[in-house]
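Report on the structure given below.
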Amino acid sequence: MKTYLRILNFVKPYWNHLSISIVCTILFAVFNGLSIYLTIPLLDTLFQGGQSQEGQPGIQINPSAAIGNTTSLLPDWVIKLEHNISDTFNTYVLQGGKIDALFKICLLVLIAFFFKNIFGYLQAYFLSYVEEGSMKDLRNAAYKHLHQLPMSYFKQERVGNLISRITNDVNVVQSSISAAFLNLIREPLTILVFIGIALSISWKLTLLAFIVLPFSMLIIAGIGLKLRKYSSAIQSKMADITSILQETISGVKIVKAFGMEGYENNKFKKETYSYFRMMLRIVRIRNSSSPITEFLSVIVGAVIIFYGGVLVIQSHTLKAAEFMGFLLAIFQTMPPIKELSTVNNRIQESSAAGDRIFEILDTKPAIKDEVNAHVLKTFSNSISFDHLSFHYDDSEELILNNINFEVRKGEIVALVGPSGGGKSTLVDLIPRFYDPSYGRILIDGIDIKQAKVNSLRALMGIVTQETILFNESIRNNIAYGLDDYPIEKIVEAAKTANAHNFIMELPEGYETVIGERGLKISGGQRQRISIARAILKNPQLMIFDEATSALDNESELLVQEAIERMMVNRTSIVIAHRLSTIRNATRIIVLDRGKIIQTGTHEELIRNENGLYNKFYEMQFRD
Ligand code: ADP
């Protein structure tokens with residue numbers, strides 16, 4: 001229930017639409033009741049048609065007290081109101097000729113049905129507005145929160161699982177919100193109105209009709225509990241399926257290369273089969289609640305018809321038309337009661353899905369700005385690593401161990417060393433993707449933990465190995481994060497990055513959308529687009545993880561040139577994989593197993609024949 005109340009919190013901002021919907025619901029119930037109530041005089045007019053004379057006062061509609069029912073359960077004011085209504089009705093509608101009365105009743109029935117449907121439509125519309133709106137907000141909240149989560153969260157959770165929560169789970173929650181609202185407001189109201197009508201006709205028969213309720217309620221509660229358990233399981237199964245999909249689609253090349261289609265197919269089939277079995281189980285449980293309650297209702301229905309029939313035929317304490325009206329009213333309460341029996345199920349199902357969404361929302365954001373955080377405006381002197389050590393959350397092993405060095409403004413510092421040495425981890429600490437476990441990183445003497453994260457990241461341009469391009473125009477990809485940037489500047493950046501020429505050869509130049517089918521962009525071209533992106537941002541500090549992927553000679557040359565131009569007049573920290581980069585570097589830092597082993601220029605380091613750098617250079621860079 002706690003989860004459900006939390007879901008309802010998202011409905012709060014839509015209270016005005018919800019109120020309109022509730023008002024429409026009330027009016028819907030009133031007109032619904034009226035449309036049934038009017039059938040009593042209608043039937044009476046028809047049944048007694050042969051007994052009265054034209055022009056004489058016709059049939060009368062009787063309030064409950066007059067139905068041989070002196071011990072009415074209804075309070076006095078209701079009986080009075082009923083008398084008033086029936087008096088008015090008798091005066092204005094039933095007076096005069098029977099055909100005339102019939103016509104008026106038909107007209108009233110028509111009007112009642114008309115308004116019932118209008119209000120039914122309006123309440124459904126406004127409720128959908130609330131439902132769709134609040135689910136949009138829930139999705140947005142989850143998405144926004146995703147951006148604030150620590151990098152480690154994305155390493156732990158499978159991407160498909162996260163996607164599934166924001167898509168599938170929100171859908172489950174959504175389908176239950178309106179259902180629950182309809183059921184908690186419309187159906188009880190409808191039931192109340194019809195029970196009111198039934199009571200006004202015969203309280204004994206009504207009591208008899210509702211003996212069934214407690215039984216069905218018990219059964220329903222039990223079913224709801226079971227459903228919650230299973231629906232939580234089924235949602236995580238759907239997340240597994242989404243994960244497999246996401247992983248194989250993004251890794252399609254590897255699947256093909258290793259001929260693993262059959263294996264992946266089987267894995268997928270196993271998951272969908274298990275989803276299918278689980279779903280069947282849920283359907284069995286969910287659908288068993290309606291037949292059970294309906295069957296109980298039918299038993300009572302048969303008893304009522306028999307007992308009511310006796311009252312009409314034998315003891316004449318009930319008019320036939322009233323009994324018909326009573327039956328209609330009671331039957332009208334059946335569908336809402338049946339619906340109500342599923343409310344609990346829906347709430348349980350949506351709570352299970354809600355739990356999975358709130359798990360994202362409840363994960364603590366990675367890094368919060370301190371209260372008096374500094375705004376870093378420029379980078380003017382140096383960035384220094386001060387007794388810095390680091391381990392990832394899930395292990396105590398130090399990935400970086402007592403790192404001390406300084407990068408002065410204007411320097412190009414190259415990080416080299418064997419794979420797994422900690423180079424990527426080290427550069428991830430500079431924009432605070434992670435925070436150091438011990439020690440500090442200082443920019444111009446300010447601990448970056450005391451700086452506003454946005455201002456810190458604004459100082460730097462980051463080019464990663466994977467060139468991430470978004471499904472947008474090349475122009476927007478280059479000007480990522482810089483709205484409405486003048487095209488001349490974008491072209492200038494693309495030229496510096498050696499990207500302009502090939503972009504101009506694309507079908508729509510800078511407006512070509514990256515994700516479009518048939519668009520062929522090579523690995524080197526992608527790299528140059530992402531370099532153009534970094535150049536356009538014009539950062540003072542460049543953090544750069546050179547791609548290791550082999551490019552053809554021409555492309556290699558163009559990328560290299562682009563990198564060199566990018567580093568001019570900036571401070572750069574580069575994870576170097578290219579010979580030209582280490583030659584250009586003012587300083588090289590050799591990292592091995594989390595420790596700095598050597599530092600110096602290429603010429604200095606190469607002279608130390610037994611040093612790691614020398615071996616490494618021979619292996620990696622020497623043609
Ligand atoms: P390099 O960039 O020099 O190849 P990395 O910084 O990528 O080295 O990795 C250094 C070590 O940290 C490796 O042993 C790697 O397994 C580990 N590592 C990298 N990322 C994570 C992570 N998110 N969680 C736990 N360990 C990690």
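The values are calculated or read from the model by the stated rules, or taken from the named source; none is laboratory data. Computed from a prediction, not measured in an experiment: that's the story for all the values here. As a convention, Cβ positions derive from the backbone with ideal geometry for all residues, glycine included, and neighbour counts pool all protein chains shown. When the accessible area is computed, the model is the full protein with side chains, heavy atoms only, and any ligands, DNA or RNA have been set aside. Shrake-Rupley method; radii C 1.70, N 1.55, O 1.52, S 1.80 Å.
Miscellaneous remarks
- For segment 241-297, the set of residues classified as among the aromatic types (Phe, Trp, Tyr), assigned to a helix (DSSP H, G or I) and open to solvent by 70 Å² or more (accessible area, probe 1.4 Å) consists of 263, 273, 276, 295, listed by residue number.
- Members of segment 536-568 found to be of a type outside the set (D, E, K, R) and modelled with pLDDT of 85 or more, listed by number: 536, 539, 540, 541, 542, 543, 544
- Residues of segment 460-481 satisfying the condition of being aliphatic (A, V, I, L, M) and surrounded by 20 or more Cβ atoms within 10 Å (Cβ to Cβ): 460, 462, 463, 474, 478, 479
- Summed over segment 194-210, residues that are open to solvent by 10 Å² or more (accessible area, probe 1.4 Å) and within 42 Å of the chain's Cα centre (by Cα) total 3.
- Number of residues in segment 404-417 that are surrounded by fewer than 20 Cβ atoms within 10 Å (Cβ to Cβ) and within 8 Å of the ligand (Cβ to nearest atom) equals 0.
- Some residue of segment 86-101 being in contact with a helix residue (DSSP H, G or I) (Cβ under 9 Å, 6 or more places away or on another chain), on the phi < 0 side of the Ramachandran plot and aromatic (Phe, Trp, Tyr): yes
- The listed residues are 199, 146, 138, and the only one of them that is in the same structural domain as residue 86 (by TED's automatic domain parsing), closer than 21 Å to residue 331 by Cβ and part of a helix (DSSP H, G or I) turns out to be 199.
- Failed condition for residue 356, given (1) free of Cβ contacts under 8 Å to residues at least 24 places away in the same chain; (2) over 24 Å from residue 445 (Cα atoms): (1)
- Residue match in segment 304-318 (condition: closer than 16 Å to residue 337 by Cβ and either open to solvent by 90 Å² or more (accessible area, probe 1.4 Å) or touching a residue at least 60 places away in the same chain (Cβ under 8 Å) (or both)): yes
- Against the list (1) open to solvent by 80 Å² or more (accessible area, probe 1.4 Å); (2) under 10 Å from the mean Cα position of the chain (by Cα); (3) among the basic types (Lys, Arg), the condition residue 158 fails is (2).
Here is a yes/no grid of residues against (1) surrounded by fewer than 16 Cβ atoms within 10 Å (Cβ to Cβ); (2) more than 16 Å from the ligand (Cβ to nearest atom); (3) assigned by TED's automatic domain parsing to the domain that holds residue 163:
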site	(1), (2), (3)
348	no, yes, yes
376	no, yes, no
388	no, no, no
419	yes, no, no
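- The condition of being over 29 Å from residue 159 (Cα atoms) and surrounded by 15 or more Cβ atoms within 10 Å (Cβ to Cβ) holds for only one of 191, 177, that being 191.
- Among the candidates 589, 529, residue that is surrounded by 15 or more Cβ atoms within 10 Å (Cβ to Cβ), within 24 Å of residue 386 (Cβ to Cβ) and of a type in the set (Val, Ile, Thr): 589
- Only one of 181, 119 that is part of a helix (DSSP H, G or I), at pLDDT 85 or above and in contact with a Leu (Cβ under 9 Å, 6 or more places away or on another chain): 119
- Qualifying positions in segment 568-584 - open to solvent by 10 Å² or more (accessible area, probe 1.4 Å) and not polar (S, T, N, Q): 568, 570, 577, 578, 579, 583
- Segment 413-432 residues that are charged (D, E, K, R), paired with ones that are more than 10 Å from the ligand (Cβ to nearest atom) (beta carbon under 8 Å, 6 or more apart): 432/367; 432/448; 432/449; 432/453; 432/456; 432/457
- Scanning segment 390-403 for residues that are open to solvent by less than 30 Å² (accessible area, probe 1.4 Å) and either touching an Asp or Glu at 6+ places or on another chain (Cβ under 9 Å) or not hydrophobic (A, V, I, L, M, F, W, C) (or both) turns up 390, 403.
- Among the strands (runs of 3 or more DSSP E) confined to segment 387-464, the ones with at least 3 residues that are in contact with a Pro (Cβ under 7 Å, 6 or more places away or on another chain) are located at 460-463.
- All conditions but one from (1) touching a Ser or Thr at 6+ places or on another chain (Cβ under 9 Å); (2) at pLDDT 80 or above; (3) not in a helix (DSSP H, G or I) apply to residue 347; the one that does not is (3).
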